[in-house]
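Here is the structure we will look at.
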Amino acid sequence: MTMKESFELAKKQYEKWGIQVDNVIETLKSVPISIHCWQGDDIGGFEVNKSELSGGIDVTGNYPGKARTPEELRNDLEKALSLIPGKHRVNLHAIYAETNGEAVERDQLEPKHFENWVNWAKEHGLGLDFNPTLFSHEKAADGLTLSHPDPEIREYWINHCIASRKIGEYFGKELGTPTLTNIWIPDGYKDVPSDRLTPRVRLKESLDRIFAEDIDEKYNVDAVESKLFGIGSESYVVGSHEFYLGYALKNNKLCLLDTGHYHPTEVVSNKISAMLLYSDKLALHVSRPVRWDSDHVVAFDDELKEIALEIVRNNALDKVMIGLDFFDASINRVAAWTIGTRNMIKALLYALLMPNDHLKKLQDEGNFTERLALIEEFKSYPFGAIWDYYCEQMGVPVQESWLEDVKKYEEEVLAKR
């Protein structure tokens, strides 16, 4: 049986439930995923005076082929994008600036330091997102930045975030699609603090100054990202979920949910519908925590499917900005991007192929027997045939055949670094 024949048979099974598969495919084509650049070089960046990785972040493994230059990183991203269906975005950190060998402090970064990224994005029809980098720096060595008791250190990081918003605005103007500029800080304490309030007061004041200048959301959208704990901040994190949720709602900013930043018994999928009641939009960093915020490559697991279902069944594809955030140096880095991003798209397709309206109706009627039965039966519906056809239509490898492209790229490019 040909792939087209398998697709047509699968299509009939879904369409008996009123699911218009052709419309589903068109919808999926329109959903961009923001792919994080830092998987390609283990969050190293290209600063002239590089600092050791810090801020509770760790990358394990030493698989050969890590990108060493902006050109290598962009080439690796191009290879990954050629294996991923759809048109997407690339997410940058400030440490990926290109300064032509000049040591430029982060609070002095300008749009010109990212011109090569913008030209590359234009060439490939990509949007760009951005993040100020408030870690791996001598002024963050004690784990405090925007909440630091030293006003000079706070000032440095405030100015860095202001500069980052300007860079985000530049991206948006140049590329014709708004940039999500997201602030995450490592601030917290290893042991139980004697004062939880004052650092949060300082953080709030810092954020107020960062966001004092209005930037048109047509070009730049601001987000703030919380965390439960990290290495070196096990007992207390200044920017908690409650802090940022309150700040975002009061100040019309996006609250960004990272799937690894909560207690292991919490799931982001359960937060999406609650937050969309009070926020026009929200943002995600999709990762895979294993016991803690370990940022494993995204797998096609139950939580990923549930996140996709919550977005789709609540008609929120245009309200949730989906980004990825994982870094694994124990496997081929191009393969990591490919696996994780394809899985995110695959989960959205899975959600779009569910009879969501009918399942909602069953719940309202109290018909929990049929609801459960259908949810379980749809797990073995011929979803794979639709996915394969979609990949073929989008001109990317079908099933595991993309691995051959990665192996060849490794032999010809990565192994020679």
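The values are calculated or read from the model by the stated rules, or taken from the named source; none is laboratory data. Computed from a predicted model, the values in this text were never measured in an experiment. No Cβ is skipped: glycine too gets one built from the backbone with ideal geometry, and neighbour counts run over all protein chains shown.
The residue pairs whose first member lies in the stretch 38-64 and is more than 24 Å from HIS285 (Cα to Cα), whose second member is in a helix (DSSP H, G or I) and of a type in the set (Val, Ile, Thr), and whose beta carbons are closer than 7 Å, counting only pairs six or more residues apart or on different chains, are GLU47/ILE95.
A single entry from ILE339, ILE386 fulfils the requirement of being closer than 26 Å to MET3 by Cα and assigned by TED's automatic domain parsing to the domain that holds ALA80: ILE339.
GLU155 meets the conditions (1) exposed (fewer than 14 other Cβ atoms within 10 Å of the Cβ); (2) free of Cβ contacts under 8 Å to residues at least 40 places away in the same chain; (3) of a type outside the set (Gly, Ala, Ser) in every case but one. The failed one is (1). Checked against (1) touching a strand residue (DSSP E or B) at 6+ places or on another chain (Cβ under 8 Å); (2) closer than 18 Å to ASN131 by Cβ, ILE272 meets all criteria but (2).
Of all positions in the stretch 212-223, none carries a residue that is in a loop (DSSP other than H, G, I, E, B), assigned by TED's automatic domain parsing to the domain that holds TYR189 and under 20 Å from PHE326 (Cβ atoms).
For the stretch 65-88, the count of residues that are among the charged types (D, E, K, R), more than 23 Å from the chain's Cα centre (by Cα), farther than 18 Å from MET394 by Cα and in a loop (DSSP other than H, G, I, E, B) is zero. Give LEU109, LEU77 a once-over and let me know the one that is buried (at least 17 other Cβ atoms within 10 Å of the Cβ) and under 27 Å from TRP402 (Cβ atoms). Just one listed residue meets the conditions, LEU77. Among the residues of the stretch 347-369, those identified as outside any loop (DSSP other than H, G, I, E, B) and surrounded by 14 or more Cβ atoms within 10 Å (Cβ to Cβ) are ALA347, LEU348, LEU349, TYR350, ALA351, LEU352, ASN356, HIS358, LEU359, LEU362.
Residue check: is VAL297 of a type outside the set (S, T, N, Q) and either surrounded by 23 or more Cβ atoms within 10 Å (Cβ to Cβ) or farther than 18 Å from TRP38 by Cα (or both)? No; evaluated as a whole, the condition is false for this residue. Tell me whether the stretch 391-403 contains one or more residues that are polar (S, T, N, Q), in a loop (DSSP other than H, G, I, E, B), outside the structural domain of GLU310 (by TED's automatic domain parsing) and at pLDDT 95 or above. Taking every residue of the stretch 391-403 in turn, none turns out to be polar (S, T, N, Q), in a loop (DSSP other than H, G, I, E, B), outside the structural domain of GLU310 (by TED's automatic domain parsing) and at pLDDT 95 or above.
For the stretch 169-183, the set of residues classified as buried (at least 24 other Cβ atoms within 10 Å of the Cβ) and within 27 Å of GLY260 (Cα to Cα) consists of THR179, LEU180, THR181, ASN182, ILE183, listed by residue number.
Within the stretch 90-105, residues that are polar (S, T, N, Q) have Cβ atoms under 6 Å from residues that are modelled with pLDDT of 95 or more in these pairs: ASN91/SER34; ASN91/HIS36; ASN91/ASP129; ASN91/GLY323; THR99/HIS113, counting only partners at least 6 apart in sequence or on another chain.
Here ILE307, ILE375, ILE339, ILE331 are screened, and the one residue that is of a type in the set (Val, Ile, Thr), part of a helix (DSSP H, G or I) and surrounded by fewer than 17 Cβ atoms within 10 Å (Cβ to Cβ) is ILE375. Here GLY232, GLY239 are screened, and the one residue that is in contact with a Leu (Cβ under 7 Å, 6 or more places away or on another chain), over 28 Å from LYS87 (Cα atoms) and either touching a residue at least 40 places away in the same chain (Cβ under 8 Å) or surrounded by fewer than 23 Cβ atoms within 10 Å (Cβ to Cβ) (or both) is GLY239.
Hey, can you tell me all the residues within the stretch 281-304 that are part of a helix (DSSP H, G or I) and of a type in the set (A, V, I, L, M, F, W, C)? Once the filter is applied, which keeps residues that are part of a helix (DSSP H, G or I) and of a type in the set (A, V, I, L, M, F, W, C), the stretch 281-304 yields only LEU304. Just one of the listed residues (TYR262, TYR244, TYR278) is in a helix (DSSP H, G or I) and among the hydroxyl-bearing types (Ser, Thr, Tyr), namely TYR244. Taking each residue of the stretch 259-280 that is without any contact (Cβ under 8 Å) to a residue 60 or more places away in the chain and looking for partners that are loosely packed, with under 12 Cβ neighbours inside 10 Å and not β-branched (Val, Ile, Thr) with beta-carbon atoms closer than 7 Å, six or more apart or interchain, yields PRO264/ARG291. The test for being β-branched (Val, Ile, Thr) and in a loop (DSSP other than H, G, I, E, B) holds for VAL104. For the stretch 310-327, filtering for residues that are at pLDDT 95 or above, buried (at least 23 other Cβ atoms within 10 Å of the Cβ) and over 13 Å from LEU284 (Cβ atoms) leaves 1. Pairs are defined by a Cβ separation below 7 Å, a sequence spacing of at least 6 or placement on different chains, a first member in the stretch 5-24 that is under 15 Å from LEU349 (Cα atoms), and a second member that is of a type outside the set (Val, Ile, Thr) and surrounded by fewer than 14 Cβ atoms within 10 Å (Cβ to Cβ); the pairs so defined are VAL21/GLU15.
Residue by residue, here is whether (1) buried (at least 22 other Cβ atoms within 10 Å of the Cβ); (2) of a type outside the set (Ser, Thr, Tyr) holds:
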site: LYS29; (1), (2): no, yes
site: GLN39; (1), (2): yes, yes
site: GLY44; (1), (2): no, yes
site: THR60; (1), (2): no, no
site: GLY65; (1), (2): no, yes
